[in-house]
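Accompanying notes for the structure given below.
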Amino acid sequence: MTTVEEALKALSLIKDSGSGKSLVQLGWIDQVRVEPPRVTLRLNLPNFAHSQRDRIAQEAKNLLEKFQDIQQVQIELANSATPEKGSIGNAGHGQTQPLQAINGVKNVIAVTSGKGGVGKSTVAVNLACALAQDGFRVGLLDADIYGPNTPTMLGVSEKTPEVFGQGADQKIIPIESYGIAMVSMGFLIEEDQPVIWRGPMLNGIIRQFLYQASWGERDFLIVDMPPGTGDAQLSLAQAVPITGVLIITTPQKVSLQDSRRGLAMFRQMDIPILGVIENMTFFITPDLPERQYPLFGFGGGKQLAQENAVPLLAQIPLEIPVLEGGNKGLPIVQSHPDSLSAKEFKRLANLVLESVN
């Protein structure tokens, strides 16, 4: 039976007539699904490449129908054209505007997912810790305004940051923990206080966290995004140049469906996808560490990565110290550095470094 990998390899032969680059490499062909006798794929062409659409569709059809078990090729068109690099369509948020870098910050890495409960904050916190352990200067921005969890996960939820000045000159001093400078809405509200804000207010606080926090010199600013594809994601993409995005999923089908949407959103905005991280790949019991229990199914992260021609960077197991550490403010990279999860987070940090370099 034809596989997704084989289909992508065939499709990689289709070239952009202007640059000569593979359309798979450019991200113009993605979400390839192989269900013999049918293959479904999505075509994301930027405005300047629309004249190539018919030629590309015909080449894709010809290449895929060479497989003996494929008789039908279904091509879906993206809902909107890819904006020019460095800007984003208004999407209901006003006019297109230039991106503004953060003084002293070299790389902005967004950690995102299509749905909640997949361990996005756990990944963001432990990735930040792993990078800090390697000697890098790391900041962590908790952009999940409605559900800020990172202060608890880093053991600093009781602290209050210092704020100086007024209006546009106001500055917030990040809280330091495990060598990480962190800003979060969790520092500014009571534990049970809800944040009931519309888009413009959300956009305003994210910009304040980006540009009015005293980040200093940082090799990395890790941004823990809220789930979904809404105002917070648009606000970040409209504001700052993003080095790359990490897509978090679990192996289960529901998570996979939502993660596809999150990945597609950032790809349509021409923001590099560094790769996919599969969290909760299997459960390891404390008494039988050699056994692995796939509680949420198999292969979701690999499938998502293959469909979108991006690397699967990590498969992180579910261990009791990960859960306990999140509640106690002890990231597993710090508390159990020899655990399988901690080693996978450290490997992830090295792969992120390679991608950025």
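Read-outs throughout are calculated quantities, based only on the coordinates presented, and are distinct from any laboratory measurement. Nothing here was measured: the structure is a model prediction, and the numbers come from that model. Glycine gets a Cβ as well: all are built from the backbone with ideal geometry, and neighbour counts include every protein chain shown.
Quick notes
- Rounded Å value of the spacing that divides the Cα centres of region 290-357 and region 226-281: 17 Å
- Counted over the chain, the DSSP beta bridges are approximately 25% antiparallel.
- Proximal lysines relative to K159, as straight alpha-carbon distance under 28 Å, when same-chain residues fewer than 8 apart are discounted: K106, K120, K171, K328, K346
- At most 11 other Cβ within 10 Å, DSSP loop - GluC sites (Glu not before Pro), region 249-357: E290
- Region 4-77 pair-distance distribution - Cα-Cα, 10 Å bins, rounded %: 20, 60, 19, 1
- Between D338 and T160, the C-beta separation translates, for a Förster distance of 35 Å, into a calculated FRET efficiency of about 0.50.
- When the chymotrypsin sites (Phe, Trp or Tyr not before Pro) in region 268-357 are filtered for DSSP coil states and for at most 15 other beta-carbon atoms within 10 Å of their beta-carbon, the remaining sites are F298.
- In straight-distance terms, cross-link reach from K9 covers every one of the lysines whose alpha-carbon lies under 18 Å from its own, apart from those fewer than eight places away in the same chain; here that gives K21, K61, K66, K302.
- Note on P(r) over Cα pairs in 10 Å bins from 0, in percent: of the candidates [x] 5, 24, 32, 24, 12, 4, 0; [y] 6, 26, 35, 24, 9, 1, 0; [z] 5, 19, 24, 20, 14, 9, 5, 3, 1, 0, the value calculated from this structure sits at [x].
- For the chain, with +1 on Lys and Arg beta carbons and -1 on Asp and Glu, the positive-most of Q292, S341, G228 along the dipole: G228
- The orientation-averaged projection of the convex hull spanning the C-alpha atoms of region 271-357 amounts to 6.7 square nanometres.
- Here's the list of lysines a cross-link from K115 could span, going by alpha-carbon distance under 16 Å and ignoring same-chain residues fewer than 8 apart: K253.
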